[in-house]
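Report on the following structure.
The values are calculated or read from the model by the stated rules, or taken from the named source; none is laboratory data. These numbers come from a predicted model, not from an experiment. Cβ atoms come from the backbone with ideal geometry, glycine included; neighbour counts cover every protein chain shown. Areas reflect the complete protein model, heavy atoms only, side chains present, ligands, DNA and RNA absent. Shrake-Rupley method; radii C 1.70, N 1.55, O 1.52, S 1.80 Å.
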Amino acid sequence: MKEWVQKENLHRHIAMIMDGNGRWAKRKRRPRLFGHRAGVETFKKIVRICSDMGIQVLTVYAFSTENWKRSEEEVSGLMSLALTYLKKYVAELHENNVVLKIIGDISKLNATLQKEILRSEAMTAQNTGMILQIALNYGGREELINAVKNMMLDGLKGSEITEKTLNGYLYTKNVPDPDMMIRTGGEKRLSNFLLWQNAYTEFFFTETLWPDFSKKELEEMIEAYTQRERRYGGIQ
Ligand code: IPE
Ligand code: IPE
Ligand code: MG
């Protein structure tokens, strides 16, 4: 393990918005799904790298609550990519001691995919290595609304609602907030990703389109992170 991974809290939590697959495909004059397939390959590579680096939690944005606005063809293509990924690669994740979690409102996904998600999560639940959270039909606002609803259903009183209680009702319960948030593809926005959890996260943006994102660039970002001063509202 490299020295910078051990330093400070680097080994904790990295979140990634894997953006730019469509443009990557367009540049190659290929359909958008060709870009998404290439994106899955990059994702698999990055998972291995992060797990080898000793990162504790990796959270990736795969499909947002807003992505349903895309064509039927693209949406069903993305869903079938997710299903194929789970079917083919969960065994490998399991071998690498990774804990897989899907975050988001999975009740809106088709029944086969939901079943595969539950099977994959159950298979890896007892592992002790990196936690891999894949955000599927995830939206930060939906997550908060869902948390509030569940707190009400559980009959919580106003006085019982603290940051800690709310945290416990989020899809990301039990994991620390992200230390770094990386967005590829050039856009500089959150697009409804981890709104609550990113309160004090350090952001990194790159023009690189997701299928081209490399180990080298990730290492450079991690290195740059070590230079940042996290003050959390205090004075150095
Ligand atoms: C990100 O790539 C992947 C998903 C949203 C599923 P895009 O599909 O948004 O790619 P661009 O932004 O159009 O290039
Ligand atoms: C964010 O990318 C969602 C994912 C990467 C899954 P989008 O491409 O959907 O975001 P916008 O539309 O540019 O904000
Ligand atoms: Mg995009």
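Filtering the stretch 10-36 down to residues that are under 17 Å from the mean Cα position of the chain (by Cα) and of a type in the set (D, E, K, R), which residue is nearest to ligand 1 (Cβ to nearest atom)?
Residue satisfying both the conditions and the ranking: 19.
Restricting the stretch 59-79 to residues that are open to solvent by 30 Å² or more (accessible area, probe 1.4 Å), closer than 24 Å to residue 100 by Cα and hydroxyl-bearing (Ser, Thr, Tyr), which is nearest to ligand 3 (Cβ to nearest atom)?
Among those that are open to solvent by 30 Å² or more (accessible area, probe 1.4 Å), closer than 24 Å to residue 100 by Cα and hydroxyl-bearing (Ser, Thr, Tyr), it is 65.
Show me the strands (runs of 3 or more DSSP E) entirely contained within the stretch 1-115 in which 3 or more residues are within 24 Å of residue 205 (Cα to Cα), touching a residue at least 60 places away in the same chain (Cβ under 8 Å) and out of contact with any Asp or Glu (no Cβ under 6 Å at 6 or more places or on another chain).
The qualifying strands (runs of 3 or more DSSP E) are 13-17, 57-64.
From the list 159, 191, pick out the single residue that is at positive phi and of a type in the set (Ser, Thr, Tyr).
Answer to the selection: 191.
For every residue, the table says whether it meets (1) of a type in the set (Phe, Trp, Tyr); (2) surrounded by 20 or more Cβ atoms within 10 Å (Cβ to Cβ); (3) more than 11 Å from ligand 2 (Cβ to nearest atom).
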residue: 18; (1), (2), (3): no, yes, no
residue: 26; (1), (2), (3): no, no, yes
residue: 30; (1), (2), (3): no, no, yes
residue: 33; (1), (2), (3): no, no, yes
residue: 36; (1), (2), (3): no, yes, no
residue: 41; (1), (2), (3): no, no, yes
residue: 46; (1), (2), (3): no, yes, yes
residue: 49; (1), (2), (3): no, no, yes
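Tell me which of these residue 180 doesn't satisfy, since it passes every other one: (1) touching a His at 6+ places or on another chain (Cβ under 9 Å); (2) within 16 Å of ligand 3 (Cβ to nearest atom).
Checking residue 180 against (1) touching a His at 6+ places or on another chain (Cβ under 9 Å); (2) within 16 Å of ligand 3 (Cβ to nearest atom), the one that fails is (2).
Are there any pairs, at least 6 apart or on different chains, whose C-beta atoms fall under 8 Å, with the first in the stretch 205-218 and over 15 Å from residue 41 (Cβ atoms) and without any contact (Cβ under 8 Å) to a residue 24 or more places away in the chain and the second within 13 Å of ligand 3 (Cβ to nearest atom) and open to solvent by 80 Å² or more (accessible area, probe 1.4 Å), and if so, which?
205/188
Can you say whether residue 198 is open to solvent by less than 50 Å² (accessible area, probe 1.4 Å) and within 13 Å of ligand 2 (Cβ to nearest atom), as far as the supplied structure shows?
For residue 198, the condition - open to solvent by less than 50 Å² (accessible area, probe 1.4 Å) and within 13 Å of ligand 2 (Cβ to nearest atom) - is not met.
Taking the stretch 172-184, which residues are in a loop (DSSP other than H, G, I, E, B) and under 26 Å from residue 206 (Cβ atoms)?
172, 175, 176, 177, 178, 179, 184
Looking at (1) of a type in the set (Ser, Thr, Tyr); (2) at positive phi; (3) more than 16 Å from ligand 3 (Cβ to nearest atom), which one does residue 165 not meet, given that it meets all the others?
So residue 165 meets the others, but not (2).
For residue 228, work out the one condition from (1) of a type in the set (D, E, K, R); (2) surrounded by fewer than 16 Cβ atoms within 10 Å (Cβ to Cβ); (3) more than 16 Å from ligand 3 (Cβ to nearest atom); (4) under 19 Å from the mean Cα position of the chain (by Cα) it doesn't fulfil.
The single condition residue 228 does not satisfy is (4).
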